[in-house]
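The values are calculated or read from the model by the stated rules, or taken from the named source; none is laboratory data. Here the structure is a predicted model, which means the values were calculated and not measured. Here the Cβ is made from the backbone with ideal geometry for all residues, glycine too, and neighbour counts use every protein chain on show. Keep in mind that these areas ignore ligands, DNA and RNA; they rest on the heavy atoms of the full protein, side chains included. Shrake-Rupley method; radii C 1.70, N 1.55, O 1.52, S 1.80 Å.
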Amino acid sequence: MASYSFSELVKGATLNGVRFIVCGHLQNNRMHPQTSTSPKEQVMTHLELTGVSIDFPTPKGAFRALDNVNLKIAKGEFISLIGHSGCGKSTVLNIVAGLYQATTGGVVLDGKEVREPGPERAVVFQNHSLLPWLSAYENVELAVRQVFRRTKSKAEMRDWIEHNLALVHMDHAMHKRPDEISGGMKQRVGIARALAMEPKVLLMDEPFGALDALTRAHLQDSLMEIQTTLNNTVIMITHDVDEAVLLSDRIVMMTNGPAASVGEILDIELERPRDRIALADDTRYNHYRHEVLSFLYEKQRHPATDEAAGPVKKPEVAQDLQDRNTAKAESKAAEAA
């Protein structure tokens, strides 16, 4: 893993847990195995993963985490990645982010190959990692100043920070510190901080996983509202089937690792805006939900549940690389602050 200066980290790698990198529709009720293209995407490909495979070194030799992942995504699509633990979802996200380099294959965004982190791809993780001594406003400001200090005036940056906090309904608490707001509000600030980078692609790694059910529902609704307003391309990792069906245009279902790949892709043809209450009794919604559950628990039963097989574990080196990168960025950010 390459090392970065603080400026590079904030612009393109990690700022306190937010990595500034950024990374359909059911036609005639069908689900297509290993098909990477949606009807929406056929108009113009915005982001493309081609033949992506990655090996991690281990004492016993190379560990192939991903094998031949292919996916085409259109501008404004909301894609969810779902699969059992260890299937490489976060690895896919990190490759799109530019934090990992694929062993073979690659990623292209708007005709340019992704080789390193960049502010056009912003990542929001489960842990918001706000600087505790800064207010919500100041946490967003820290990122905005690094990216726009040469292109926006102080007044423009102030308006832009306030605009993004308003998008996530945090304008009323922008001057409060993290210890003065709830967990859901902290995550809203983390999302505002990523959006303030003005990314083309928003990468979200289980952003609502640590929240209670009611707070999670409110943030899901806010995310749908924001995505409709901004038309960002979103790639989100989730383990929540209902969340995937509610939010997505397509659900990309990963096969079990090692050597995980795209198993099936389910197009979600539910009209927007979506109302979770109305969808609860919608036959199409429940059909999509059933298809995902069937893939996860029948077609891709986790090896750990099979008496003839032991659990497959991701090599520790992969997590160590990510942890070191995050710790380095947080340390640099703290020094600069």
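Summary of computed values
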read-out	value
Antiparallel bridges, percent of DSSP beta bridges restricted to the stretch 97-244 (to nearest 5)	15 percent
In Å², nearest 10: area of residue 294 left accessible to a 1.4 Å probe	20 Å²
Exposure of residue 186 as accessible area (Å², to 10), given a probe of 1.4 Å and all protein chains	50 Å²
Accessible area in the full protein assembly, largest first, 1.4 Å probe, for 160, 133	133, 160
Under 5 Å, built H, 5+ apart or other chain: amide partners of residue 237	81, 204, 205, 206
Of 112/176; 186/299; 72/176; 154/186; 112/186; 200/299, pairs whose Cα-Cα distance is over 29 Å	112/176; 186/299; 72/176; 112/186; 200/299
Exposure rank, largest accessible area first [48, 243; 1.4 Å]	48, 243
Amide proton proximity set for residue 263, modelled H, under 5 Å, gap of 5+	253, 254, 255
Long-range amide H partners of residue 64 with built H, under 5 Å	56, 259
The stretch 46-89 versus the stretch 218-245: alpha-carbon centroid distance in Å	20 Å
Peptide ranges 211-217, 192-198, 95-101, 161-167 listed from the most packed, as the mean C-beta count within 10 angstrom indicates	192-198, 95-101, 161-167, 211-217
3J(HN,Hα) from dihedral phi, the stretch 138-150, Karplus parametrisation 6.51/-1.76/1.60, rounded to Hz, x for glycine, proline	5, 5, 6, 4, 4, 6, 4, 5, 5, 8, 10, 5, 9
Under the Karplus curve 6.51 cos²θ - 1.76 cosθ + 1.60, θ = phi - 60°, whole-Hz ³J(HN,Hα) for the stretch 263-268, x wherever Gly or Pro sits	x, 9, 10, 9, 7, 9
Cβ-derived FRET efficiency at R0 30 Å, residue 230 paired with residue 158, nearest 0.05	0.90
Whole-Hz couplings from phi, Karplus 6.51/-1.76/1.60, listed for the stretch 83-94; x for Gly and Pro	x, 5, 4, x, 8, x, 4, 5, 5, 4, 4, 5
